[in-house]
Amino acid sequence: MQTIQTPQQLRLWTVKEYHYLTKIGVLHPTEKLELLEGQIVRMAAKGTSHTVATRRTAKLLENLLNNQAAIYTQDPITLNDYSEPEPDIIVVIPDSLDYFEHHPKPSDIHLIIEVADSSLEYDLTIKSEAYAKSNIKEYWVLDVNERQLHIFRQPTSEGYKNCFILTEEEEINLSHFSQIRLSIQAMLPPKI
């Protein structure tokens, strides 16, 4: 008879323990893992559409923001003692030491973008809940398959109050940089 564990039976890992597991070799640095809500999660493999959309979006943001913010791709952030995810793109307050002393935390973050090809459901539910609870002001999920952008704003402990979807023909302004307007189509891989 197989025992099924309920969420109450899970042992949650802290960020400190997660780093220690890597340091002593239990978790190999080349493994694609992240810590979210105390659970060590294997990250989905990245297809070419995911990679292209991440590069295009990061470059677009770098050009439009022109040093008003720093753009990092697939780097860790620390949400709290139990979460250190590695979003595809983060737009953060520039730091003179380039976050040498700590990973960016929610108060440093203007925007998080996850690019989804195989991880859409996870990004729209589990990650959006974790980001909302951590008070990430703006969160986007770029769906490369359906060629649309899911926008989440106004975080609460229950989730985001303001959620909507834009198609590739539309544009969006960043909440923190209202003068910056992005074309959804420019963020996506080219149509073949």
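A few remarks follow.
- Above-threshold pairs, the threshold being 22 Å between Cα atoms, out of LYS127/LYS161; LYS105/LYS133; LYS59/LYS161; LYS133/LYS161: LYS59/LYS161
- Percent of alpha-carbon pairs separated by more than 13 Å within region 121-180: 61 percent
- For the pair ARG153 and GLU121, label points projected 7 Å from Cα toward Cβ lie 3.0 nm apart.
- Rg/Rh ratio calculated on Cα atoms of the chain (Kirkwood radius): 0.97
- Residue of ILE151, ILE172, ILE71 that the Gaussian network model of the chain assigns the largest fluctuation, springs spanning Cα pairs under 10 Å: ILE172
- When ARG147, ARG42 are sorted by how many other C-beta atoms sit within 10 angstrom of their C-beta, beginning with the fewest, the order is ARG42, ARG147.
- Under 13 Å, Cβ to Cβ, from ASP98 - net charge with Lys/Arg +1 and Asp/Glu -1: -4
- DSSP-loop chymotrypsin sites (Phe, Trp or Tyr not before Pro) across region 23-120, with at most 12 other Cβ within 10 angstrom: PHE100
- Comparing PRO155, PRO29, PRO87 in a Gaussian network model of the chain (Cα springs below 10 Å), the most mobile by mean-square fluctuation is PRO29.
- For q = 0.12, 0.16 Å⁻¹, Debye-computed log10 I/I(0) when each Cα of region 50-150 counts as one equal scatterer: -0.36, -0.65
Coordinate-derived values only; no laboratory data. If you're wondering where the values come from, they're calculated on a predicted model, not measured in any experiment. When we count neighbours, we look across all protein chains shown, and the Cβ atoms used for this are built from the backbone with ideal geometry, even at glycine.
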